[in-house]
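Colleague: To start, I am sharing the structure in question, which I have written as structure tokens.
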Amino acid sequence: MSECLFQYGSVEDVFYLSHVRQDGPVSMARNHFHSSYEIYYLISGQRYYFIKDKTFQVMGNDLILINKGDLHKTASCGESEHERLLINFKEEFLSPTIDTHEILLAPFKKDVNLIRFTMQQQREVEHLLNKIQNELVQKRPAYMTYVQALFMQFLIYIARHVLDQEQSDTFRHPSLMHKKVSKIVRHINAHYMDPLTLNNVAQKFNLS
């Protein structure tokens, strides 16, 4: 059963936030993509996240960044219960007075989409996300201007974190089989115009 704890706007808006708690297993039926950037923060539980040809095992307090136009979906992983906060945004939401958009959006274009934090970093990230949600709930005077400022602060924090610390490749493949499947998907994507057959692909990757 899915419980929507809070939602602001729609996924097609320049800024959208959704806070959901799921009490049972749920998996997306198919890949999808957006014309906006996506931030997925798993508050608790575990999930599999499939982004293009990569698989990530997402744990509580992990952050996923998805570039606009990238195919992605989530699936159940072990524990069926999870809670997550999702943000979709477009460039128009970022302050037009800031000339560093390229730096702030660079983390969404990295090969590794998963960010794992220390305990101190988790507290700082959650503090910013909670302040953003609280402003949207309370809607005090000039709340959207404050949300925009808080969100810019959040993006700066993430951009600096990514620049300061190279993400470990161990986050990308939760198992050897997932790693093998990712290699096969990349091969098919690179050779989709060639006459591929199941037998040829299986032989190339030493599979039956």
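Colleague: Over the Cα atoms of the range 13-92, what Rg and Dmax result, in angstrom?
Modeller: When restricted to the Cα atoms of the range 13-92, Rg and Dmax are 12.1, 38 Å.
Colleague: Select from Tyr143, Tyr48, Tyr16 the residue whose mean-square fluctuation is largest in a Gaussian network model of the chain (Cα-Cα springs shorter than 10 Å).
Modeller: Largest GNM mean-square fluctuation: Tyr143.
Colleague: Whole-Hz Karplus ³J(HN,Hα) for the range 39-50, in order, using 6.51 cos²θ - 1.76 cosθ + 1.60 and θ = phi - 60°, x for Gly and Pro?
Modeller: Once θ is set to phi - 60°, the couplings for the range 39-50 become 10, 10, 10, 8, 6, 7, x, 9, 8, 9, 10, 9 Hz.
Colleague: Another question, if that's okay. Have a look at Glu102, Glu124, Glu81 and tell me which one the Gaussian network model of the chain (Cα, springs below 10 Å) gives the largest fluctuation.
Modeller: Highest fluctuation of the listed residues: Glu102.
Colleague: For the chain, with the dipole built from +1 on Lys and Arg beta-carbon atoms and -1 on Asp and Glu ones, taken about the Cα centre, which of Ser80, Pro107, Tyr8 lies farthest toward the positive end?
Modeller: Ser80
Colleague: If amide hydrogens are placed 1.01 Å from N in the peptide plane, which non-local residues have theirs closer than 5 Å to the one on Val26?
Modeller: Result for Val26 returns Ser76.
Colleague: I need the phi-derived Karplus couplings for the range 79-85: 6.51 cos²θ - 1.76 cosθ + 1.60, θ = phi - 60°, integer Hz, Gly and Pro marked x.
Modeller: Going residue by residue, I get 5, 7, 7, 7, 10, 9, 10 Hz, with x marking Gly and Pro.
Colleague: Another one. Using +1 at the C-beta of Lys and Arg and -1 at the C-beta of Asp and Glu, which of Ala142, Ser95, Phe205 has the Cα lying farthest in the positive direction of the dipole of the chain?
Modeller: Value computed over the given set: Phe205.
Colleague: Amide H of Asn61 versus every other amide H placed in the peptide plane: which residues, excluding those fewer than 5 positions away on the same chain, fall under 5 Å?
Modeller: Sorted by chain and number, the residues that satisfy this are Leu42, Ile43, Ser44.
Colleague: In whole Å, what are the Cα extents of the chain along the three principal axes, biggest one first?
Modeller: Sorted from largest, the Cα extents of the chain read 64, 41, 33 Å.
Colleague: Quick one: which of Lys68/Lys139; Lys52/Lys73; Lys54/Lys109; Lys52/Lys183; Lys54/Lys204; Lys180/Lys204 span more than 21 angstrom between C-alpha atoms?
Modeller: Details: Lys68/Lys139 28 Å; Lys52/Lys73 9 Å; Lys54/Lys109 14 Å; Lys52/Lys183 12 Å; Lys54/Lys204 19 Å; Lys180/Lys204 12 Å.
Pairs exceeding the cut-off: Lys68/Lys139.
Colleague: Taking the Cα centre as origin and putting +1 on Lys and Arg beta-carbons and -1 on Asp and Glu beta-carbons, what dipole magnitude results for the chain, to the nearest 20 debye?
Modeller: 540
Colleague: For His34, what residues show an amide H to amide H distance below 5 Å, using hydrogens built from the backbone and excluding near sequence neighbours?
Modeller: Gly69, Asp70
Colleague: Provide the per-residue ³J(HN,Hα) series for the range 21-37, in order, calculated from phi with Karplus coefficients 6.51, -1.76, 1.60 and θ = phi - 60°, each as a whole number of Hz, with x at glycine and proline positions.
Modeller: Those phi angles translate into 10, 10, 9, x, x, 8, 9, 5, 5, 8, 5, 8, 8, 10, 8, 10, 7 Hz.
Colleague: With a length cut of 24 Å (Cα positions projected on each helix's long axis) and a Kyte-Doolittle mean of at least 0.5, go through the chain and give me the DSSP H helices that pass.
Modeller: Passing helices, by number: 143-164.
Colleague: Can I ask one more? Under the rule of -39500 (n - 2.57) per DSSP H run of 4 or more residues, summed and divided by the residues of the chain, what mean residue ellipticity at 222 nm is obtained, to the nearest 500 deg cm²/dmol?
Modeller: Here the helix-only value at 222 nm equals -10500 deg cm²/dmol.
A short reminder: the numbers here are calculations on the coordinates, not readings from a lab. On a predicted model such as this, the values are computed, not experimentally measured, just so you know. Don't worry about glycine lacking a Cβ; one is built from the backbone with ideal geometry, like all the others, and counts go over all protein chains shown.
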